[in-house]
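For reference, the structure is listed below as structure tokens.
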Amino acid sequence: MLKLHNTLSGAEEEFHPLEEGVVRFYTCGPTVYDYAHVGNFRTFVFQDLLRRYLEYLNYQVAHVMNITDVDDKTIQNARKQGISLKEYTAKYTKDFLDDCKKLRIELPQIMPKATEHIPEMVALIQKLEEKGYTYRKDGSVYFKISQFPGYGKLSKTDFSGAQTGASVDSDKYDKENARDFVLWKAKKEGEDFWETEIGPGRPGWHIECSAMSMKYLGETFDIHCGGVDLIFPHHENEIAQSECATGKPFVRFWVHPEFLIVEGEKMSKSLGNFYTLRDLLSQHHAPESIRYLLLSVHYRKQLNFTADGLRQAQASIQRLEDFILRAQEKAMPGPASPDFEQEVNSARERFKEAMDDDLNTSAALAVIFEFVRSTYQKDSQNAFGGGDARLALEFINEVDRVLNIIRPKSELLDEEIAAQIEARQEARHRRDFAEADRIRNWLLSKGILLEDTREGVRWKRSS
Ligand SMILES: [Zn+2]
């Protein structure tokens, strides 16, 4: 039975969806004002893992993730570049989707854009106005937090002493500065706005997620996910708006992956350790190593993202791929030995046990590598038959449906091959021939043959 840590109750709870067999799952998507960084991708990779595990458990998952394509930053940046908001956000939306693809993240079935759901947001604000949860000031509409007794239940904060009548216009602020937050921002000179029944203006960030999640998943749905930094104020405000509008519980399970630090330090642009995916790829790290490292630590623990960790991740994937090659060599149709079948069943049980325990990925990976180790041992004792090898392959493929770290050869991108070739040339220049050979062999294992010519290095794909 799957257990998930629910931020709302502060405890691990058995997960059962509202409707049998179907999970309604909402994740806060990117604000498309710049490239997403590796900390953001920890959250997105985790969400992908959660969805895949739910599907592994035979749930049908309805996954919705919004694209925030209007907010203070996107408007400012578009103006600075002298292009329309739509043009500006289209670029970063596309880059985000490209990055997801490289990290082998399966895209949600529905990815609504905020700018295409203004009528839904206006309707929700009107509903809150009718029920007396709002007030207007200079053309903007604010939510009165003192009207909602449950305010603070997600972030476990007592806001009863909050100053009444003071309001905040920015979308991000800390708990100490909790105020009545903005639902609708009045039109400002030079900013994008919409003419609507509640006046000209644009939505606040929080109302976007309430309107779009309820539109596609219903007034109460199963899981809402986002980084821990979104608990307050974003998710707290989503609960307030939604529950006051509908009178029903909004979300049953709130799941929040922790932060990531880089080489032991908080990631920041000033420290020079702020990495986007393209930064890491240009440093010759393979995308599946990045995915592996991001999911190898339990999501509620802080993850220290290091170059060393990436190298270990690559070595771990290589170990699995070598094992697959060995099993492919030996595999034959026909049954496995009863002993080996039992071993696979036991490994599967332990894998599920680890994943059921609030998605304990580090324990789940340990089960897989223990299975690989003991199978190699059998192989060395000539106790690994053709049927056993076939079953071993099936098992690795089965767990990889959840982890998605083994990449078919043909998926290696041209730009990654070029980056690896460049890294090999650099290694040769500094006379690190061991590293140069390692890269050559790694490419070979991916089906890429290198040829050193006078004009430079050429490569081709082996069939
Ligand atoms: Zn959101």
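The values are calculated or read from the model by the stated rules, or taken from the named source; none is laboratory data. Because the structure is a prediction, the values reported are computed rather than measured. Methodologically, a virtual Cβ is constructed for each residue, glycine included, from the backbone with ideal geometry; neighbour enumeration extends over all protein chains shown. Accessible surface is based on the protein model in full, side chains and every heavy atom, while ligands, DNA and RNA are left aside. Shrake-Rupley method; radii C 1.70, N 1.55, O 1.52, S 1.80 Å.
In table form, for the structure just shown:
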| read-out | value |
| --- | --- |
| Filter result for S84 (farther than 30 Å from Y35 by Cβ, of a type in the set (G, A, S) and open to solvent by 20 Å² or more (accessible area, probe 1.4 Å)) | no |
| Residue count for the range 107-159, restricted to those that are open to solvent by 70 Å² or more (accessible area, probe 1.4 Å), touching a Gly at 6+ places or on another chain (Cβ under 8 Å) and not acidic (D, E) | 2 |
| Test: residue in the range 403-410 that is in contact with an Asp or Glu (Cβ under 8 Å, 6 or more places away or on another chain), part of a loop (DSSP other than H, G, I, E, B) and among the basic types (K, R) | yes |
| Filtered residues of the range 430-463 (kept if open to solvent by 70 Å² or more (accessible area, probe 1.4 Å) and under 20 Å from F323 (Cα atoms)) | R438, R440, N441, L444 |
| Residues of the range 338-374 classified as more than 19 Å from Y292 (Cα to Cα), open to solvent by less than 30 Å² (accessible area, probe 1.4 Å) and in contact with a helix residue (DSSP H, G or I) (Cβ under 6 Å, 6 or more places away or on another chain), total | 3 |
| Candidates V23, V45, filtered to the one that is in contact (Cβ under 8 Å) with a residue 12 or more places away in the chain, in a strand (DSSP E or B) and more than 16 Å from the ligand (Cβ to nearest atom) | V23 |
| Considering residues of the range 42-66 that are β-branched (V, I, T) and within 21 Å of E288 (Cα to Cα) only, the residue surrounded by the fewest Cβ atoms within 10 Å (Cβ to Cβ) | V45 |
| Verdict on L8 being over 12 Å from the mean Cα position of the chain (by Cα) and either surrounded by 15 or more Cβ atoms within 10 Å (Cβ to Cβ) or under 20 Å from D229 (Cβ atoms) (or both) | yes |
| Verdict on L281 being open to solvent by 10 Å² or more (accessible area, probe 1.4 Å), within 13 Å of the ligand (Cβ to nearest atom) and part of a helix (DSSP H, G or I) | no |
| Meets criteria (away from the ligand (no atom under 16 Å from the Cβ) and either modelled with pLDDT of 95 or more or part of a loop (DSSP other than H, G, I, E, B) (or both)) for V64 | no |
| Subset of the range 232-278 that is without any contact (Cβ under 8 Å) to a residue 24 or more places away in the chain and over 30 Å from V23 (Cα atoms) - its residue that is most open to solvent (accessible area, probe 1.4 Å) | K266 |
